[in-house]
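Data first, discussion second: the structure below is written as structure tokens.
The values are calculated or read from the model by the stated rules, or taken from the named source; none is laboratory data. As the structure is a computational prediction, the values presented were derived from the model and not from experiment. Glycine also receives a Cβ, built like all others from the backbone with ideal geometry; neighbour counts cover every protein chain displayed. All accessible areas refer to the heavy atoms of the entire protein, side chains included, with ligands and DNA or RNA removed. Shrake-Rupley method; radii C 1.70, N 1.55, O 1.52, S 1.80 Å.
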Amino acid sequence: MDDDSRAWRWESRTDLPLAIASLIYLAAYAVHVLVPGLPAAVDLALRSVQLLAWALFVADYAVRWRLSGMGPRFVARHWLDTLVVLLPLMRPLRSVRTQELVERRHGRTQLPLHARVIVYTGLSAVLVGFAGALAVYQQERGAPHATIRTFGDSVWWACSTLATVGYGDVAPVTFWGRTIAVVLMICGLGLLGAVTGSFSTLLLQRFSREADEEGPPGR
């Protein structure tokens, strides 16, 4: 059995459990951030859940690297997976592929390509926005001269940043808050470009089809 087949079998079997683990990680992190003053035992349990989930992500990354047979090239080619190991809050981004893998396993897809791009982009925006809002809120809520004081402020800031609007009424003031902001800006531009490009391609295809059906002028 070749490496590609082994890697595909591994990914198809582990993608759904790891997607669930990523959502559990995000939920544990959200509780840790949004509910201050937790008992020590609860805080330890939440941190243990996050650490266990992260260990699963690292193990999955190591196995797929080994099965790929690509050596160091795997790091650059699978940049999103590499990013997940460094920033596990980004792991839910891979969970949007779970439905696609399930459909491919059964040999069919329920949505056309353009619809899938829009759906996956929308889910990615929600997950990235929520994770970014949590991370920025954690960094900013106690900082001097901070304008992001509540989680609502953080959600509003994340939405305006992802939408590339940037009202400027609230903004991070800490180093890590601004670092997260840069990542969110890049993600927002990428997601917006994906939707715009997919929609433009769909319109061009329809116009081209209509022109072919009408035939050359004067026919």
Taking region 60-71 and keeping only residues that are surrounded by 14 or more Cβ atoms within 10 Å (Cβ to Cβ) and not in a helix (DSSP H, G or I), one is left with Met70
For region 34-51, how many residues meet the condition of being assigned to a helix (DSSP H, G or I) and touching a helix residue (DSSP H, G or I) at 6+ places or on another chain (Cβ under 8 Å)? 6
Is it fair to say Leu52 is surrounded by 13 or more Cβ atoms within 10 Å (Cβ to Cβ) and out of contact with any Gly (no Cβ under 6 Å at 6 or more places or on another chain)? yes
Of the conditions (1) at pLDDT below 90; (2) within 20 Å of Leu123 (Cα to Cα), Ala27 fails just one. Which one is it? (1)
Cross-chain or 6+ apart pairs with Cβ under 8 Å, region 119-145 first and open to solvent by 10 Å² or more (accessible area, probe 1.4 Å), then of a type in the set (Asp, Glu) and in a helix (DSSP H, G or I): Tyr120/Glu100; Tyr137/Asp153
Exactly one of Thr164, Thr174 is at pLDDT 85 or above and either within 16 Å of Val128 (Cα to Cα) or touching a helix residue (DSSP H, G or I) at 6+ places or on another chain (Cβ under 7 Å) (or both), and that one is Thr174
Hey, can you tell me all the residues within region 170-186 that are open to solvent by 30 Å² or more (accessible area, probe 1.4 Å) and either in contact with a strand residue (DSSP E or B) (Cβ under 7 Å, 6 or more places away or on another chain) or part of a helix (DSSP H, G or I) (or both)? Phe175, Trp176, Arg178, Thr179, Ile180, Val182, Val183, Met185, Ile186
Restricted to region 77-92, and to residues that are touching a residue at least 12 places away in the same chain (Cβ under 8 Å), assigned to a helix (DSSP H, G or I) and of a type outside the set (A, V, I, L, M, F, W, C), which residue is farthest from Ala21 (Cα to Cα)? Thr82
Do we find a residue being buried (at least 16 other Cβ atoms within 10 Å of the Cβ) and of a type in the set (A, V, I, L, M) anywhere in region 7-15? yes
How about region 17-49: which of its residues are over 20 Å from Ala131 (Cβ atoms) and open to solvent by 90 Å² or more (accessible area, probe 1.4 Å)? Leu44
So which of Phe74, Phe57 ends up being at pLDDT 85 or above, open to solvent by less than 50 Å² (accessible area, probe 1.4 Å) and either more than 28 Å from Ile148 (Cα to Cα) or not in a helix (DSSP H, G or I) (or both)? Phe57
